[in-house]
Amino acid sequence: MSETPAKAFLRPGKLFLMTLVGVLIYLVALVVLVPAGWLWHQASAHVQLPPEIQVRQVYGKAWSGAANAVVAGYPVQLEWQLGYPSVSGQSLPVSFSLASEQSSVDGRVSLGLQGAGTLNARGRLAVAEFEDLIRRSGGAVIEGDVTIDQLVLSWQDGRITTADGVGRWAGGEVTWPMGNSVGRADFPPMRATLDTTDAGIALVVEEQGGDGPAANAEIRWNGMMDLRVYKRMVDLAGQPWPDSAGPDDVVFRVRQPLIPGGVL
């Protein structure tokens, strides 16, 4: 009766498999357990943020963490939660929440290969929170909050490729600079839509249930912005204007570079 030869426990195939499993466990533990603050400390010297953004504190883990920052003088908090990577889609999903003192935006980002990605978000902006910034820039201040029902962006190689969004405002008082005084008017509920055109991204503002745009802004891929205000906006504001102009006539237009020397 012959005896079966004993097989070595650590055969080359088994040794390779155990090594591979060990490396995978190490990498998963590294992502889950490594402090987010340590990662940011290592990466911050190589990340160029706009001067309006200063990161003050990063805490939590790389998998689930938070950061306190100041954006254009306003304190904000960012929280994130990494999802499981998609092998088929070759992307990493990240859920996030961005909040200031009175405003908040929640959503999900999918980060793909070669600088590609998508963002899907919704939130609420308290306009009064940014009143000082709006007035310094000479803009109009609206009463109440703006609700972002949907905001979807896609980008490739650092450039936005598609944009889609819907926002609402319940209406109320609007104030704007008028020479040495301040203009005031009560507006009905308004709606804003964001869409992609052949030339760039278009934002259209109109009365909810209205029959045409009150204003629109087109941001072209070459960095130029084209803003149009229609007679319909003047009528909504209750301001005098010659009767010869129709609601669809453009009464104010500005074309200027939004990003000097840059391309979106």
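Where a number appears in this text, it was derived from the coordinates with a stated rule and is not lab data. What you see is a predicted model, and the numbers here were worked out from it, not measured in a lab. Neighbour counts are summed over all protein chains in view; Cβ atoms, including those assigned to glycine, are modelled from backbone coordinates with ideal geometry.
On the beta carbon distance between residue 68 and residue 248, with R0 = 45 Å, the FRET formula returns roughly 0.45. Here the dipole of segment 58-203 is about 240 debye; that uses its Cα centre as origin and unit charges on the Cβ of Lys and Arg (positive) and Asp and Glu (negative). Counting 0.36 nm for each residue step from residue 162 to residue 54 and taking away their Cα separation leaves a gain of 36.1 nm.
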